[in-house]
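Below is one structure; the comments refer to it alone.
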């Protein structure tokens with residue numbers, strides 16, 4: 001059967017037969033890098049278009065419909081515009097930090113791609129602490145934002161960066177705790193283990209109320225972590241014009257923009273992996289006929305379908321809610337989300353020990 | 001009690017957010033509510049109301065005759081100096097001198113479409129047209145002469 | 001920076017301008033100022049110590065321009081002050097000229113004027129609602145508000161010939177009779193509005209984030225509202241009865257049944273609720289009048305050249321933003337000797353520094369939203 005892992009194996013066999021093992025490894029790494037960059041570009045184009053369509057339909061508009069059939073080439077045109085634009089560096093800016101910041105944002109996003117399983121047996125690096133790796137690396141994101149805000153020599157940028165620092169640091173706690181609930185249930189930090197544990201049903205169905213609460217907390221926390229509305233205080237265009245990327249233009253701005261969408265994709269992919277079974281098809285206990293029917297749908301379609309559903313959820317949040325204030329944002333985390341997810345983690349642990357889940 | 005209040009707070013908040021999301025989901029799925037008009041494409045079917053104030057025009061009949069007597073009421077009524085009436089003296093067949101307009105110069109770039117000139121005109125010589133695509137590449141094209149070349153005043157209009 | 005050291009010294013007694021206090025320029029080009037208002041904000045971290053508005057970026061000297069225009073001509077210029085309630089501005093000027101000339105306005109014209117005023121008020125509040133939600137970061141209400149506003153604009157376009165700067169009021173009545181379709185179109189709008197009204201609560205008013213952003217911030221006590229000269233919904237949100245339509249009724253407002261909307265919350269949310277409820281009162285007025293427009297002339301017979309007698313004349317009306325006063329000094333000629341407009345936005349803006357001190361930047365944007373500032377109205 002055609003599948004992504006099949007193609008990967010074919011390539012690997014061919015390379016191993018043609019070159020020695022060292023060269024095979026080098027070529028495979030280059031291929032993986034190219035694939036990740038290609039995926040980035042494709043995701044950027046698709047997600048921007050999707051966001052604009054979702055926004056338009058919610059706002060009783062038509063959305064992009066001029067460039068290409070049904071406006072499908074709109075984001076390509078936008079990219080072209082951004083490439084052609086001049087990338088200004090302000091006079092008073094710290095030139096090195098200012099120019100490096102957007103690349104750090106991209107590098108973080110790239111690193112996060114590593115442990116994500118896109119399809120059955122199709123994963124860049126199935127390291128044994130996959131989930132921990134994701135939580136650790138994603139917090140480097142805040143450094144690029146702080147660098148951008150500080151080096152711009154602009155008060156708006158600085159305020160956006162400081163807001164974003166406070167926000168990401170606090171929301172990481174509840175995001176981490178809700179990830180922990182699944183780790184407790186699975187007993188492993190490895191992504192492939194977590195996915196295989198959902199072979200007889202996704203955690204969101206097996207785990208009763210605690211997993212639901214963890215899922216909701218996770219979605220709220222990652223929305224805040226990726227600086228998306230209603231938690232887009234780092235940008236807050238009605239207050240801080242554009243927050244930390246006020247001074248950026250051209251391709252450097254585009255990199256921040258792209259990194260935001262890539263991060264949204266990654267956190268949704270992780271949410272789909274942990275709670276909705278990743279590439280695992282929808283299975284119910286011992287209903288074999290149903291399970292077999294579900295297995296016919298390729299695993300990559302399952303993965304991308306689930307991820308895009310979660311992405312839609314995050315976009316839906318953005319176009320519905322007003323923005324929070326900075327103190328309310330921190331209140332929400334420290335007074336509501338953190339206590340709830342801590343108690344929830346206790347509940348889940350009890351549930352896992354007593355074996356109450358399916 | 002503290003705990004019940006806390007839980008009530010949380011459920012109330014979630015409920016209020018869910019109502020908003022339900023409303024936006026309704027619009028996301030109901031595309032017939034979309035009110036966008038695709039303007040340059042719908043130019044053929046676009047109907048403006050007959051009172052729409054687009055620009056001042058002077059209607060001429062098929063004999064190239066207008067109703068303007070050159071009384072300058074519109075020029076006086078205009079708050080912006082948009083209209084300039086240049087008069088001349090026609091010699092009628094009987095040899096009498098008669099005042100008539102030579103040119104009625106209209107500066108579209110100064111006009112605010114306030115309709116005061118049309119109201120002021122005693123002989124209904126000018127009216128508002130329903131055009132609105134006025135942009136041109138040269139400012140000079142916005143200065144218009146409203147009476148057609150060779151036109152003369154209609155019989156019986158004083 | 002703008003006189004940075006003085007502001008800091010003034011704002012923070014004893015600090016002498018060190019340690020974390022800084023100024024920031026909001027505007028004249030800023031998404032939240034809805035025009036060219038320039039605010040110099042002194043901040044300590046995110047907390048506002050002082051707000052200093054700088055005006056004049058869109059000053060067109062409308063008052064001086066009016067001195068060279070005749071009493072028929074000057075009315076159209078006032079549409080450009082508070083462009084969202086253009087009808088009501090024109091109405092105020094027409095009323096002042098009528099007062100000076102002792103012109104009796106026919107009943108039909110009076111009813112048409114009131115109908116147009118109330119439609120304008122609804123349209124203005126619709127736009128305010130959308131823009132305010134956008135200030136708070138919710139984009140969707142903006143487009144939903146424009147749907148209802150669009151149908152009012154269509155009604156205006158059909159009857160007055162323009163969508164925003166109609167110039168429909170003339171001394172002695174209105175410029176043209178209403179369009180034959182007018183009543184049907186207005187009823188159609190009322191139906192649309194009633195079908196959609198619950199969405200305002202679902203999307204914005206009931207939203208927990210919105211309520212937390214609005215409740216308890218921007219406190220304006222009734223005493224301060226009076227002493228700063230606030231009017232309109234800004235004052236009524238603090239429980240100060242200031243509706244000119246009730247206090248000093250003009251046209252036929254004394255014969256109509258409607259309530260003066262008063263809220264006692266004194267905060268941003270109270271001001272918000274006042275405007276939402278005011279839209280419903282305007283709907284009530286329109287419903288009373290739409291089927292009973294009296295027959296007759298739409299314009300009183302006036303002389304071709306209007307000359308106000310020597311003296312001073314003052315009228316005031318309730319615009320969507322508050323009390324608009326028109327003060328004309330006449331020397332007996334065809335043009336006014338001096339015109340002064342008392343615009344509601346100017347007084348309402350002056351209160352911003354008072355209510356914003358001690359709150360966060362995000363709240364400042366929300367407060368400016370609830371004050372409903374229209375910058376050309378403030379600068380004139």
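A short reminder: the numbers here are calculations on the coordinates, not readings from a lab. Not measured: the values here are computed from a predicted model. We place every Cβ from the backbone using ideal geometry, glycine too, and count neighbours over all the protein chains shown.
Brief remarks on what is shown
- Label-to-label distance, nm, for residues given as residue A:129 and residue A:28 (7 Å Cα→Cβ offset): 2.4 nm
- Per residue of peptide B:31-37, the mean number of Cβ atoms on other chains within 10 Å of the residue Cβ is 5.
- The alpha carbon convex hull volume per residue for the stretch B:3-104 rounds to 211 Å³.
- Shielding by partners - mean other protein chain Cβ count within 10 Å, residues of C:157-163: 6
- Mean residue ellipticity, 222 nm, helices only, chain A: the sum of -39500 (n - 2.57) across DSSP H runs of n ≥ 4, divided by residue count and rounded to 500, is -22500 deg cm²/dmol.
- Rounded to 5, the percent of DSSP beta bridges in the protein assembly as shown classed as antiparallel: 95 percent
- Efficiency of FRET between residue A:95 and residue B:6 - r from beta-carbon atoms, R0 41 angstrom, step 0.05: 0.25
- Summed over qualifying helices (DSSP H, 4 residues or more, each -39500 (n - 2.57)) and divided by its residue number, chain B shows a 222 nm mean residue ellipticity of -7500 deg cm²/dmol.
- Tensor-based shape of the stretch A:164-207 (alpha-carbon gyration tensor, a/c under 1.5 rounded, otherwise prolate or oblate): prolate
- On Cα atoms only, tilt of B:2-29 relative to the major axis of chain B in degrees: 40 degrees
- Percent RCO, i.e. relative contact order, over the stretch A:89-354, from Cα pairs under 8 Å lying at least 6 residues apart: 26 percent
- For the stretch C:62-379, a/c is not less than 1.5, where a ≥ b ≥ c are the root eigenvalues of the C-alpha gyration tensor, and a/b does not top b/c. That puts it in the oblate class.
- In degrees, nearest ten, helix C:268-290 long axis to first principal axis of chain C (Cα): 10 degrees
- Long-range tail of P(r) for the protein assembly as shown (Cα pairs > 41 Å, %): 48 percent
- Listed by Cβ neighbour count within 10 Å, with the fewest neighbours leading, C:51, A:84 appear as A:84, C:51.
- Shielding of A:231-240 by partner chains, average beta-carbon count, 10 Å: 6
- Over chain C, DSSP H runs of length four or greater, each weighted -39,500 (n - 2.57), average out per residue to a 222 nm ellipticity of -14000 deg cm²/dmol.
- Over chain C, relative contact order from alpha-carbon pairs under 8 Å, at least 6 apart, %: 24 percent
- Ordered by the number of other Cβ atoms lying within 10 Å of each residue's own Cβ, fewest first, A:309, C:230 fall into the sequence A:309, C:230.
- For the options B:123, B:135, B:16, a Gaussian network treatment of chain B with springs between C-alpha atoms closer than 10 Å singles out B:16 as fluctuating the most.
- Normalising the Debye intensity of the stretch B:55-153 to I(0), with uniform scatterers on Cα atoms only, and taking log10 at q = 0.19 Å⁻¹ returns -0.93.
- Of the Cα atoms belonging to the stretch A:135-196, the radius of gyration and Dmax stand at 16.0, 49 Å.
- Tensor-based shape of chain A (alpha-carbon gyration tensor, a/c under 1.5 rounded, otherwise prolate or oblate): oblate
- Over the stretch A:1-157, all Cα pairs binned in 10 Å intervals from 0 give whole-percent P(r) values of 9, 23, 29, 27, 10, 2, listed from short to long.
- Projecting label points 7 angstrom from Cα along Cα→Cβ for residue C:150 and residue A:19 puts them 5.8 nm apart.
- Normalised by the number of residues in the stretch B:21-158, the average gap of Cα pairs under 8 Å and 6 or more apart makes the relative contact order 32 percent.
- Pairwise label distance in nanometres, residue A:173 with residue B:46, each label 7 Å out on the Cα-Cβ vector: 5.7 nm
- 0 to 90° range, to nearest 10: angle between helix C:107-135 axis and chain C longest Cα axis: 20 degrees
- Largest-first principal axis extents, alpha carbons of the stretch B:67-122, Å: 42, 20, 15
- Exposure proxy ranking for B:26, C:193, B:106, based on other Cβ atoms within 10 angstrom of each Cβ and starting from the fewest, stands as B:26, C:193, B:106.
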